Amino acid sequence: MINAAAVFWNRRYGAAERAIDETVKTALKAQKVEARSFNGHLLYEPWSVKTKTGGSFRVFSAFWRAAHQVGDPELPLRAPSRLEFFDGSHSDELSCLALADLRLEPSSPDWAGGLRANWKRGEAGAEVQLEKFLNEHLGKYADFRDCPGRPDTSRLSPYLRFGNISAREVWHASAAATNAASHRTGNRNLEKFQSELGWREFSYHLLYHNPALASQNLQPRFDAMPWKEDPKAFRAWQTGTTGYPIVDAGMRELWNTGWMHNRVRMVAASFLIKHLLIDWRHGESWFWDTLVDADPANNAASWQWVAGSGADAAPYFRIFNPTLQGQKFDPGGDYVRRWIPELDEFPASAIHRPRQAPDKASGRNPKTGVAYPAPVPPGVKSV
Ligand SMILES: Cc1cc2nc3c(=O)[nH]c(=O)nc-3n(C[C@H](O)[C@H](O)[C@H](O)COP(=O)(O)OP(=O)(O)OC[C@H]3O[C@@H](n4cnc5c(N)ncnc54)[C@H](O)[C@@H]3O)c2cc1C
């Protein structure tokens, strides 16, 4: 035993985590150990933003207005000047392992090279990323956040997910960077950016009030949806070989870096659900396995949003047209060319419709000679 006098931790909001934390708290208290949890993860506790009748929200704009009424998020506390860690080496009863001893990193095969190349881990990585975003990209955020070929979003999602940086720190640092005191500023870049942090809050609000968010349609009428089981089409989607350039570029970016641009996440998810007619839960689960920012609230809420089965969701009949989305948000084709070497020689005018390209574009990967695939057929024939 280490004879701890007190145990403190940050709160978690999934049903299973809440149950574990509650059990731990009860057990510690029974042993007369002080046990306290804190909000280190969110701007607002999910239960602190309420409708006029004390209920929970289903519409983002109303949720965000009510959050504003609660007031500005609290300032983050300063880091303690000194932390003393328990040194297990002097204990007969308890031994400590170093992180490396857990052998969490993949070795054979080592599939994490792309992740290492793209992400600097931990708190230090988060601080570098935040500084870079505030200095170079926040000023262009509203105009360019939807362009996957540009680096103008923060890429803070994995750090927020794993608590390497807090949402409160990001909130106040972004306000300070634009010399703004609060979220009612009139600065459109800041407002847009902070409202994305708001979507994260809303997702956690939904998860807290709907613990089965990742597995059950928020709107039960979607339970009757006749989804298609099509392993071949699902594999084409997973491997970025559907024949739809913007979808394939996104799925290959995901596989190689563990991240995908938000606009392309929406298009790729819509393609799986509304073109292939494959259950959104299969997509949610693939993203959960492959994203470095895989988040129990954001991932589930976003998949339900795209499916139309969620809260404040895109209407079920809204389909992101992958060709038009590509042409609109990646007009020069830079993003597609970055991830699909087969389309390297294609001009911007044809890159999102490779079948209509001039003959001189081969449509083959210059290294492997493999041809870019023909478009995968839709889940049902149109009538
Ligand atoms: C199908 C689908 C699945 C998604 N899965 C996840 C996931 O597992 N984890 C995850 O963090 N985000 C997820 N998102 C939301 C969004 O795509 C990412 O948060 C965003 O792309 C992260 O990049 P960024 O840090 O540069 O975002 P920025 O644009 O810089 O936004 C700042 C932060 O706000 C939050 N945020 C931004 N957009 C959203 C959003 N739409 N919903 C909720 N929070 C948002 C994120 O924490 C993000 O880091 C998903 C979106 C879709 C459409």
**Request:** Go through (1) surrounded by fewer than 19 Cβ atoms within 10 Å (Cβ to Cβ); (2) in contact with a Phe, Trp or Tyr (Cβ under 8 Å, 6 or more places away or on another chain); (3) more than 30 Å from Ile273 (Cβ to Cβ) and name the single condition Gly186 misses.
**Result:** (2)
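Identify, from the list Trp255, Trp237, the residue that is assigned to a helix (DSSP H, G or I), away from the ligand (no atom under 12 Å from the Cβ) and within 16 Å of the chain's Cα centre (by Cα).
Working: Trp237 fails: within 16 Å of the chain's Cα centre (by Cα).
Going through Trp255, Trp237 in turn, just one is assigned to a helix (DSSP H, G or I), away from the ligand (no atom under 12 Å from the Cβ) and within 16 Å of the chain's Cα centre (by Cα): Trp255.
Every residue, every condition in (1) touching a helix residue (DSSP H, G or I) at 6+ places or on another chain (Cβ under 8 Å); (2) surrounded by 11 or more Cβ atoms within 10 Å (Cβ to Cβ); (3) free of Cβ contacts under 8 Å to residues at least 24 places away in the same chain; (4) more than 24 Å from Arg265 (Cβ to Cβ), yes or no:
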{"position": "Ser107", "(1), (2), (3), (4)": "no, no, yes, yes"}
{"position": "Leu115", "(1), (2), (3), (4)": "yes, yes, no, no"}
{"position": "Lys120", "(1), (2), (3), (4)": "yes, yes, yes, no"}
{"position": "Gly125", "(1), (2), (3), (4)": "yes, yes, no, no"}
{"position": "Gln129", "(1), (2), (3), (4)": "yes, yes, no, no"}
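Being within 16 Å of the ligand (Cβ to nearest atom), surrounded by 19 or more Cβ atoms within 10 Å (Cβ to Cβ) and modelled with pLDDT of 95 or more: is that true of Asn262 here?
Values: within 16 Å of the ligand (Cβ to nearest atom): yes; surrounded by 19 or more Cβ atoms within 10 Å (Cβ to Cβ): no; modelled with pLDDT of 95 or more: yes.
No, not satisfied.
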**Request:** Examine the range 27-41 for a residue that is without any contact (Cβ under 8 Å) to a residue 24 or more places away in the chain, loosely packed, with under 11 Cβ neighbours inside 10 Å and under 27 Å from the mean Cα position of the chain (by Cα), and state whether such a residue exists.
**Result:** no
**Complete:** Filtering the range 42-63 down to residues that are under 19 Å from Gly14 (Cβ atoms) and exposed (fewer than 13 other Cβ atoms within 10 Å of the Cβ) yields Trp47
**Message:** I'm told Arg353 meets every condition in (1) closer than 14 Å to Thr242 by Cα; (2) over 31 Å from the mean Cα position of the chain (by Cα); (3) among the charged types (D, E, K, R) except one. Can you identify the failing condition by its number?
**Reply:** (2)
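Does the range 123-162 hold any residues that are acidic (Asp, Glu) and either assigned by TED's automatic domain parsing to the domain that holds Lys328 or within 11 Å of the ligand (Cβ to nearest atom) (or both), and which are they?
If we filter the range 123-162 for residues that are acidic (Asp, Glu), which is where we start, we get 123, 127, 131, 136, 143, 146, 152.
Scanning the range 123-162 gives Asp146, Asp152.
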**Request:** Please specify each residue of the range 26-51 satisfying the condition of being among the aliphatic types (A, V, I, L, M) and assigned to a strand (DSSP E or B).
**Result:** Ala35
**Complete:** Among residues of the range 163-181 being of a type in the set (Val, Ile, Thr) and more than 8 Å from the ligand (Cβ to nearest atom), the residue farthest from Thr257 (Cα to Cα) is Thr178
**Prompt:** Can you name the number of the only condition in (1) part of a loop (DSSP other than H, G, I, E, B); (2) in contact with a His (Cβ under 9 Å, 6 or more places away or on another chain); (3) under 30 Å from Asp279 (Cα atoms) that Gly163 fails?
**Reply:** (3)
**Request:** Output the number of residues of the range 64-102 satisfying the condition of being farther than 20 Å from Asn10 by Cα, at pLDDT below 90 and among the charged types (D, E, K, R).
**Result:** 3
**Request:** Residue by residue through the range 292-308, note down the ones that are more than 7 Å from the ligand (Cβ to nearest atom) and surrounded by fewer than 22 Cβ atoms within 10 Å (Cβ to Cβ).
**Result:** Val292, Pro296, Gly308
**Asked** When Lys232 is evaluated against the numbered criteria (1) in a helix (DSSP H, G or I); (2) surrounded by fewer than 21 Cβ atoms within 10 Å (Cβ to Cβ); (3) outside the structural domain of Gly310 (by TED's automatic domain parsing), which criterion, by number, is the only one it fails?
**Response** (3)
**Request:** Could you list all residues from the range 272-291 that are touching a residue at least 24 places away in the same chain (Cβ under 8 Å) and either away from the ligand (no atom under 11 Å from the Cβ) or among the charged types (D, E, K, R) (or both)?
**Result:** Lys274, His275, Leu276, Leu277, Ile278, Asp279, Arg281, His282, Glu284
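The values are calculated or read from the model by the stated rules, or taken from the named source; none is laboratory data. Values in this document were obtained by computation on a predicted structure and should not be read as measured data. For neighbour counting, all protein chains shown are included, and Cβ atoms are generated from backbone atoms with ideal geometry for every residue, glycine included.
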